[in-house]
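The values are calculated or read from the model by the stated rules, or taken from the named source; none is laboratory data. Nothing here was measured: the structure is a model prediction, and the numbers come from that model. Note that we place each Cβ from the backbone using ideal geometry, even for glycine, and neighbour counts take in every protein chain shown. These accessible areas exclude ligands, DNA and RNA; they are computed on the full protein's heavy atoms, side chains included. Shrake-Rupley method; radii C 1.70, N 1.55, O 1.52, S 1.80 Å.
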Amino acid sequence: MIHLDGVSKIYGNGCVALSDITLDIPKGDFVFVVGPSGAGKSTFIKLIFREELPTKGKLIVNGRNVGELEPSEIPYLRRNLGIVFQDYRLLPNKTVYENVAFAMQVIESSRRDIQKRVSHVLDLVGLRHKAKNFPGELSGGEQQRIAIARAIVNNPVVVIADEPTGNLDPETSWDIMRIFERINRDGTTIVMATHDKSVVDAMKKRVIAIEKSRIARDQVKGVYGYED
Amino acid sequence: MKIRTMEYFIKEALSSLKRNGLMSFASVTTVALSLLILGMFLVMVLNLNNMASTLESQVQISVYLQDGLTDHEMREVGTRITKIPGVVQVNFVGKEEAMNRFKERLGEQQGLLNALGEANPLPNAFEVKVDKTERVKAAAQAMMQFKGVENAKFGQEVVEQLFALTKMVRIFGLVIIVFLALAALFIISNTIRITVFARRKEIGIMKYVGATNWFIRWPFLLEGMMLGFGGALVAVLFLNETYGILIHQVYETLAFLPLIPQYPFITNISVVLLVTGTVIGALGSTISLRRYMRV
Ligand SMILES: Nc1ncnc2c1ncn2[C@@H]1O[C@H](COP(=O)(O)OP(=O)(O)OP(=O)(O)O)[C@@H](O)[C@H]1O
Ligand SMILES: [Mg+2]
């Protein structure tokens, strides 16, 4: 599903964020990306959805060579990806329903599909009853669940998330994790950068640790491994 | 493109126009002013051109006779004129008739002539038509030599001056129009820049969920085109109204001035202005999209 072969990322200012990363994430995997601050986790996530270009090496996502994608092909890469950020990124002047529907509107789905899918994913994150509310009227955890609903509404093959629980308390984080687990069980690959030690330790998923831009550890059923 | 998508684009564009009310107003006003001036220049240049060619096609020679000729002498001159090569028509216009025509031309301002009392300073004359414009000059020069002829005048000079004037207006107008078009372009691109800025969050999300660049661009492009079209519409309405009034006024006071009739003349100019406005709008937003959206 995601394949890196000797991938490096050096930013314009000379900062080496990733060096010579080679790894393989097969379909259906649930991967935690951990590591100290500044190690290169976010950079790794950004490479996957072609926010940043790899400086060296080959990166294949869902069969596409991301490094050689034409700008006009980027949208089609992203239609197969669901992206979740730490800061939710909902539109404040649209309702919950409209926020989720927006992701389908902009890829020109039919009205009927939109109605069906949006209701379905709102059910899945347990917030169908908030459909008419605005994001400002929701708690942080609820807003993140809406963001997840938006990320999966187009049936992506991979969901990538950069510290999705970074702003949430432990209890709420667990609600979010259960949703990701549920999505993963339905066959969607999950790649998540996180600092959430208790979650990583408890869930026993694959853990890739990045330190100083390199892979320090890649464990099946791994643990967080740092003292935060 | 799906109808639903088009609906969405138009809705987005309209809501932006409303949200940036003041900037939208400024843009429409600038476009309207620029295009109004463009329209006025078009009206002027085309009318001057039209006048020049109308006059050119009607070039005739007025042969003024000396005072105090006998009827016989005058008839003699007439006969000699007819024999000049190219002359196709010779009409005698006596002093009285000339005065009557002059009065007619003056219309309501006839009162000016009262100062003359009974005196009639206008000479007897022949109006001579020549088959080809190129022959006018030679014919006039020949007539000037005839005994009893005071002067022979033709409109060539006026025509040439009119053409020269048209050329000047055209060059001068072009400079002003280029300048104004740039101003309109600048203000529209600024308006769109503000819209892009107000919507940067939305644009970001659209990119993440895989909207194509064209899907993201369209609402902004439409907004620019609406601004351009709106400005052009204001200019067109104003131009149509003023040209109508102008024609009416000229008809009442300076009836001999050959203005181009309002329709379909103004309709054609309107089409030009509306297309220009829309294109300026589209260009303006393209500039902003290139610079501020990187899509
Ligand atoms: N756009 C950029 N331009 C230049 N350098 C950057 C850019 N983004 C990140 N970096 C640098 O690249 C390195 C890796 O950053 P990255 O954001 O990937 O770290 P991270 O592992 O996500 O850290 P954190 O856990 O704090 O989120 C850092 O040293 C950072 O300063
Ligand atoms: Mg980060």
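For the residues of A:99-106, the average number of beta carbons from a partner chain within 10 Å of their own beta carbon is 4. Semi-axes of the equivalent ellipsoid for the protein assembly as shown, computed as √(5λ) from the eigenvalues of its C-alpha gyration tensor and ordered from largest down, come to 85, 23, 16 Å. Put simply, the amide H of B:Gly155, placed in the peptide plane, has neighbours under 5 Å in B:Gln60, leaving out anything fewer than 5 places away on its chain.
Averaging the sequence gap over all C-alpha pairs within less than 8 Å and six or more residues apart, then dividing by the number of residues, gives region B:58-154 a relative contact order of 53 percent. Our compactness index for chain B, the C-alpha radius of gyration over the empirical 2.2 N^0.38 Å, is 1.57.
Loop-located trypsin sites (Lys or Arg not before Pro) in region A:133-228 (DSSP state other than H, G, I, E, B) with a sparse environment of at most 14 neighbouring Cβ atoms within 10 Å: A:Lys204, A:Lys212, A:Lys221. At what distance in angstrom do the alpha carbon centres of region A:87-156 and region B:155-203 lie from each other? So the two Cα centres are separated by 47 Å. Computed from phi, the 3J(HN,Hα) profile of region B:194-201 under the Karplus parametrisation 6.51, -1.76, 1.60 (θ = phi - 60°) reads 5, 4, 4, 5, 4, 10, 4, 5 Hz, with x in place of Gly and Pro.
Which value in Å is the Kirkwood Rh of region B:58-154 over different Cα pairs?
About 14.3 Å for region B:58-154.
Only one residue of B:Met40, B:Tyr243, B:Val175 has its Cα farthest out toward the positive end of the dipole of chain B, where Lys and Arg carry +1 and Asp and Glu -1 on Cβ, and that residue is B:Val175.
What is the calculated FRET efficiency for B:Thr267 to B:Met168, with r their C-beta to C-beta distance and R₀ = 30 Å, to the nearest 0.05? Display every interim value, and only then the final one.
Working: r = 27 Å, r/R0 = 0.91.
Efficiency for this residue pair is about 0.65.
Its Cα centre serving as origin, the protein assembly as shown has a Cβ charge dipole (Lys and Arg +1, Asp and Glu -1) of approximately 1900 debye. The modelled label-to-label distance for the pair B:Ala115/A:Glu68, using points 7 Å beyond Cα in the direction of Cβ, is 9.2 nm. For region A:1-109, a simple Cβ point-charge model (Lys and Arg +1, Asp and Glu -1, everything else neutral) yields a dipole of about 120 debye relative to the Cα centre.
Each of B:Ile10, A:Gly35, B:Pro258 was placed along the dipole of the protein assembly as shown (beta-carbon charges, centred on the mean Cα), and the one lying farthest toward the positive end is A:Gly35. Distances over 21 Å make up what percent of all Cα-Cα pairs in chain A? Within chain A, distances greater than 21 Å cover 55 percent of Cα pairs.
Averaged over the residues of peptide B:209-221, the number of Cβ atoms from other protein chains lying within 10 Å of each residue's Cβ is 5.
Full extension of the chain segment joining A:Lys56 with A:Glu227 gains 58.3 nm, where the gain is 0.36 nm per residue of separation less the Cα-Cα distance. Only DSSP H runs of four or more residues enter the estimate; each adds -39500 (n - 2.57), and after division by the residues of the protein assembly as shown the mean residue ellipticity at 222 nm equals -18500 deg cm²/dmol. Each other residue within a Cβ distance under 10 Å of A:Val207 adds +1 if Lys or Arg and -1 if Asp or Glu, for a net charge of +3. Computed from the C-beta positions of B:Lys137 and B:Leu106, the FRET efficiency with R₀ = 22 Å rounds to 0.15. Sparse packing (at most 16 other Cβ atoms within 10 Å of the Cβ) combined with a DSSP loop state is found for the following chymotrypsin sites (Phe, Trp or Tyr not before Pro) in region B:80-153: B:Phe146.
Seen from A:Lys132, the other residues with C-beta closer than 12 Å to its C-beta sum to a net charge of +1, counting Lys and Arg as +1 and Asp and Glu as -1. Given +1 at the Cβ of Lys and Arg, -1 at the Cβ of Asp and Glu and no other charges, the dipole of region A:114-176 around its Cα centre is 500 debye to the nearest 20. Highest-first packing order for the peptide set B:34-42, A:26-34 is B:34-42, A:26-34, based on the mean count of other beta carbon atoms within 10 Å.
Relative to the longest principal axis of the C-alpha atoms of chain B, give the angle of the C-alpha long axis of helix B:95-106, reported between 0 and 90° and rounded to the nearest 10°. For B:95-106 against chain B, the angle is about 20 degrees.
Cα centroid separation, region B:77-118 to region A:16-46: 100 Å.
Total buried accessible area between A and B, probe 1.4 Å, nearest 100: 1900 Å². Only lysine pairs 8 or more places apart or on separate chains count here, and in chain B those with Cα atoms under 17 Å apart total 11. Ordering A:Val125, A:Ser109, A:Asn99 by the projection of their Cα atoms onto the charge dipole of region A:90-155, which places +1 on the Cβ of Lys and Arg and -1 on the Cβ of Asp and Glu, puts A:Ser109 at the extreme positive end.
Shown here for region A:163-228: chymotrypsin sites (Phe, Trp or Tyr not before Pro) in loop regions (DSSP other than H, G, I, E, B) with at most 16 other Cβ atoms within 10 Å, namely A:Tyr226. Each Lys or Arg adds one and each Asp or Glu subtracts one; over the other residues with Cβ under 12 Å from the Cβ of A:Glu73, this totals +2.
The distance between label points at A:Arg111 and A:Leu23 comes to 4.6 nm (points 7 Å beyond Cα on the Cα→Cβ vector). Solvent-accessible area assigned to carbon and sulfur over the protein assembly as shown amounts to 57 percent, based on a 1.4 Å probe. Sites counted here are trypsin sites (Lys or Arg not before Pro) in a DSSP loop (not H, G, I, E or B) having no more than 13 other Cβ atoms within 10 Å; the longest part of chain B that contains none of them is B:148-293.
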